[in-house]
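Note sheet for the following structure.
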Amino acid sequence: MEVRDLTHPALLRYLEGRGINIELAKRECKELHFTNNGRPFFAIGFPNMAGGYEVRNSFFKGCIAPKDITHIRQQGEPREKCLVFEGFMDYLSFLTLRMKNCPTMPDLDRQDYVILNSTVNVPKAIDVLYPYERIHCMLDNDETGYKATRAIELEYSYRVRDFSHNYRGYSDLNDYLCGRKQKTEQRAAPRQKKGRGI
């Protein structure tokens, strides 16, 4: 596998189609070139803590093992707050929304981030989230996302805030960014806690 800076026009078009800020994507992601059954492929790669990658292009969604969470820690003093996302497209969507809404002071480095890269990784995330005083969950608006948020709430109680109500009516944060509403409401709204917007 070859890891490059993210520059391929087809991959950049894919990200633009998902509403993602390209400069942010170039900072956070890589371009992967690899073979599968002797055939060459290229895709966006988002690194995890174990040296693997989440892999996306217009035709493929998968991973290059090992599978793990991604924990993005800011430099300097430890942060009190951590935002939790289900997938890296939601993480990139959050960064893009902050850049759109607060272009002069997006405050992208005021908190750390955990990207689950799959809800099966919630137990790994729970260990990593232990030091944080405030844990903001921005998971998908479906039963899987709700269960993952509840698992984190059961572990850390009052420290956890569920922010998925900020994009109720949308499957996830990327659909909210792109304005793609859910066809049917998939999730009964959990109890709401007031909080700041995205």
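Some values worked out for this structure:
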item: Qualifying residues in the stretch 18-36 (those that are surrounded by fewer than 16 Cβ atoms within 10 Å (Cβ to Cβ) and β-branched (V, I, T)) - the one nearest to G179 (Cα to Cα); result: I22
item: Of the criteria (1) crowded, with 19+ Cβ neighbours inside 10 Å; (2) part of a loop (DSSP other than H, G, I, E, B), which one L15 fails; result: (2)
item: Test: residue in the stretch 28-43 that is part of a helix (DSSP H, G or I) and of a type outside the set (A, V, I, L, M, F, W, C); result: yes
item: Residue match in the stretch 82-89 (condition: surrounded by 23 or more Cβ atoms within 10 Å (Cβ to Cβ) and more than 24 Å from C178 (Cβ to Cβ)); result: yes
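A quick yes/no check of all residues on (1) in contact with a Ser or Thr (Cβ under 6 Å, 6 or more places away or on another chain); (2) at pLDDT below 95; (3) within 24 Å of I135 (Cβ to Cβ):
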| position | (1), (2), (3) |
| --- | --- |
| L12 | no, no, no |
| G17 | no, no, no |
| G62 | no, yes, no |
| R73 | no, no, yes |
| G87 | no, no, yes |
| P106 | no, yes, yes |
| R110 | no, yes, yes |
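The values are calculated or read from the model by the stated rules, or taken from the named source; none is laboratory data. This is a predicted model, so every value here is computed, not measured. Cβ: placed from backbone, ideal geometry, glycine included. Neighbour counts: every protein chain shown.
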